[in-house]
1. Where in segment A:173-270 are there strands (runs of 3 or more DSSP E), lying fully within it, with 1 or more residues that are surrounded by fewer than 17 Cβ atoms within 10 Å (Cβ to Cβ) and not acidic (D, E)?
2. All but one of (1) within 18 Å of the chain's Cα centre (by Cα); (2) more than 7 Å from chain B (Cβ to nearest Cβ); (3) modelled with pLDDT of 90 or more hold for A:A104; state the number of the condition that does not hold.
3. Given the criterion over 24 Å from B:K221 (Cα atoms) and part of a helix (DSSP H, G or I), identify the matching residue among B:L196, B:L178.
4. Can you tell me which condition B:I184 does not meet? The list is (1) touching an Asp or Glu at 6+ places or on another chain (Cβ under 9 Å); (2) surrounded by 23 or more Cβ atoms within 10 Å (Cβ to Cβ); (3) not basic (K, R), and all the others hold.
5. Looking only at segment A:64-88, filter to residues that are within 15 Å of A:A52 (Cβ to Cβ) and under 19 Å from the mean Cα position of the chain (by Cα); which one of those is farthest from the other protein chains (Cβ to nearest Cβ)?
6. Considering each residue of segment A:43-75, count those that are of a type outside the set (K, R) and at positive phi, and give that number.
7. Take the residues in segment B:119-138 that are under 30 Å from the mean Cα position of the chain (by Cα) and surrounded by fewer than 15 Cβ atoms within 10 Å (Cβ to Cβ); name whichever of them is farthest from B:K221 (Cα to Cα).
8. Could you list, in sequence order, the residues of segment A:132-155 that are touching a Phe, Trp or Tyr at 6+ places or on another chain (Cβ under 9 Å), surrounded by 20 or more Cβ atoms within 10 Å (Cβ to Cβ) and outside any helix (DSSP H, G or I)?
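The values are calculated or read from the model by the stated rules, or taken from the named source; none is laboratory data. Note that this is a predicted model, so its numbers are computed, not measured. All Cβ positions, even for glycine, are placed from backbone atoms using ideal geometry, and neighbour counts span all protein chains on display.
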Amino acid sequence: MGEALLEVRGLSVDFIVGGSAASIVRNVGFRLEERRTLGIVGESGSGKSVAALSLLRLIPSPPLLRMSGQILYGGRDLAALRQRELRAVRGKEIAFIFQEPMTALNPVFTIGEQIAETIRAHEPVGRKEAWERAVELLRQVEIPDPARRAKSRPHELSGGMRQRAMTAMALSCDPKVLIADEPTTALDVTIQAQILDLFARLQDERRMSVVFITHNLGVIAEIADEVLVMRKGGVVEQGGVMDIFHSPRDPYTRQLLDLLPGRKRRHVHV
Amino acid sequence: MIAYTIRRLLLLIPVALGVVTLVFFLIHMTPGDPVEIMLGDNALSADKAALRRDLGLDRPIHEQYVHYLNGLLHGDMGISLQSRKPVLDEILRSFPASFELMAGAMAVALLTAAPLGVLAAVKPFGLVDGAAMLIALIGVSMPSFWLGPLLILLFAIRLDWLPVNERGGFNHLILPALTLGASIAAILSRMIRASLLDALQEEYVRTARAKGLFERSVILKHALRNALIPIVTVVGLQVGGLLSGAIITESVFDWPGLGSLLLDGIYARDYTLVQGCILFIATIYVVVNLLTDIVYGWADPRVRLR
């Protein structure tokens with residue numbers, strides 16, 4: 001077992017819903033090692049996105065009522081950090097990619113501006129240098145003609161391009177951990193495969209650890225090393241991807257696997 | 001963009017025709033005779049008839065209408081019945097005062113509404129929000145014909161800090177601009193609060209936080225920039241509304257602007273002057289609306305003006 005880069009212990013999140021408390025995430029724990037990929041899988045409403053957002057305390061209050069547990073990263077507990085210290089971790093050490101880049105990117109700013117400002121929030125660089133780095137990042141995520149594309153606004157790009165732009169933004173400060181919340185769900189299947197390939201390459205080149213959230217077990221089979229299956233806010237099963245796929249212990253996991261189309265033809269790359 | 005602007009300006013023609021026609025017939029139906037008002041009750045009927053012929057008021061109304069339209073087509077808004085000077089000259093002489101008052105009122109509105117609205121939205125339902133929205137409620141509930149005299153009583157008479165009325169330096173502008181701007185400040189601060197609250201729920205705000213931006217930048221750059229898009233429309237409409245609001249404020253403060261000119265014209269049944277003033281106001285309204293749409297297209301890059 002390698003050194004854990006990120007370790008979550010007993011994470012629980014309660015929301016206030018219609019005036020009363022509701023438990024959204026219950027006692028979730030996992031270890032993420034360097035250069036590994038953890039897949040968090042579950043149906044909508046299973047609490048997987050809330051759990052992921054909670055790692056950087058990105059849930060606003062309301063609806064957030066309380067959060068407990070430990071989020072250990074680099075010898076610190078992110079759950080106990082002050083806002084000022086937490087800000088320095090967000091985007092710099094741990095970066096996010098969201099599901100729908102059309103709404104997750106700001107419609108009125110160019111993608112170049114949105115990438116450059118991320119760099120400038122964490123590093124003392126000038127506008128010009130930040131812009132040049134933004135263009136270079138767009139090149140790395142294989143956006144054609146990046147110097148021109150940097151001046152585009154989100155609505156001027158295709159869905160796949162937008163997700164590449166958001167990926168470039170997430171990578172802009174060389175994070176050690178990338179959290180991707182359903183990053184391919186809004187894309188069609190061909191584009192989805194391209195984006196997954198891009199992720200695999202970037203993760204390898206940049207030696208990142210990835211937390212990949214999805215409801216799609218097929219995607220998990222493609223990219224994850226470890227899997228955590230969530231249902232109704234709790235963890236029903238977790239372990240290595242081979243174990244989960246070949247000998248699922250929990251009946252819910254077996255149900256999910258049975259729903260997978262073409263299960264017999266499934267390729268598992270590990 | 002240029003084609004769009006030209007098309008929008010061409011729209012002025014039917015608008016102007018409609019406004020002119022409506023105002024022409026409405027004011028001629030209003031009781032009161034300009035000749036009676038000008039010459040007084042004791043004038044001889046021969047003098048009245050002579051003046052009426054002189055002004056062209058003895059002709060049938062449809063002839064007067066065609067005559068007036070014909071003049072407009074040649075850029076002639078006619079001669080003021082009362083002062084006997086060209087209407088256009090009278091309007092252009094009064095407009096700078098009105099413009100100064102409107103600019104002052106808009107400055108008052110924006111400078112109070114923006115901070116109030118933002119503070120209220122950042123901590124909704126808190127103390128600042130409650131206070132800001134109470135101020136806004138008071139502002140919108142106070143009619144300018146009441147607020148104006150109250151301000152005069154307090155600041156000009158009781159405290160003797162500011163001059164009472166008439167146009168002059170910056171000192172003279174403060175009270176009328178406050179009076180005219182108060183209700184707009186109230187409306188705008190509520191709009192900015194609501195619009196910013198909406199924007200703060202958007203996913204790009206979460207993204208901005210996830211990127212590690214400072215909270216100041218999240219709110220004042222990412223959220224506010226988007227929140228201002230619908231505000232542009234409201235500001236545009238309010239600028240139009242200022243023109244009519246100015247009539248009351250101008251008369252309270254004896255401000256020599258378009259509103260006072262129009263009011264004097266109505267009292268004297270000065271047909272040509274009233275028609276000219278209203279046509280001018282309608283034109284400004286259309287132009288301001290056009291400018292609003294152009295600014296909107298700039299504020300929201302997703303909108304393409306065609």
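1. Details: elements: A:177-181, A:209-214, A:226-231, A:234-240.
Output list reads A:234-240.
2. (2)
3. Numbers: B:L196 fails: over 24 Å from B:K221 (Cα atoms).
Answer to the selection: B:L178.
4. It fails just one condition, (1).
5. First, pick out the residues of segment A:64-88 that are within 15 Å of A:A52 (Cβ to Cβ): A:64, A:67, A:69, A:71, A:73, A:78-79.
After this cut, where a residue has to be under 19 Å from the mean Cα position of the chain (by Cα) as well, the list is A:71, A:73, A:78-79.
Numbers: A:I71: 15, A:Y73: 14, A:L78: 13, A:A79: 16 Å.
Among residues in segment A:64-88 that are within 15 Å of A:A52 (Cβ to Cβ) and under 19 Å from the mean Cα position of the chain (by Cα), the one farthest from the other protein chains (Cβ to nearest Cβ) is A:A79.
6. Looking only at segment A:43-75, we keep the residues that are of a type outside the set (K, R), and these are A:43-47, A:49-56, A:58-65, A:67-75.
Now drop any that are not at positive phi, which leaves A:45, A:47, A:69, A:74-75.
Adding up the residues that qualify gives 5.
7. Of the residues in segment B:119-138, the ones under 30 Å from the mean Cα position of the chain (by Cα) are B:119-121, B:129-138.
Retained after the next criterion (residues that are surrounded by fewer than 15 Cβ atoms within 10 Å (Cβ to Cβ)): B:130-131, B:134, B:137-138.
Details: B:G130: 24, B:A131: 25, B:L134: 27, B:L137: 28, B:I138: 30 Å.
The qualifying residue farthest from B:K221 (Cα to Cα) is B:I138.
8. Residues of segment A:132-155 touching a Phe, Trp or Tyr at 6+ places or on another chain (Cβ under 9 Å): A:150, A:153-154.
Cutting the leftovers down to surrounded by 20 or more Cβ atoms within 10 Å (Cβ to Cβ) gives us A:150, A:154.
Matches in segment A:132-155: A:A150 only.
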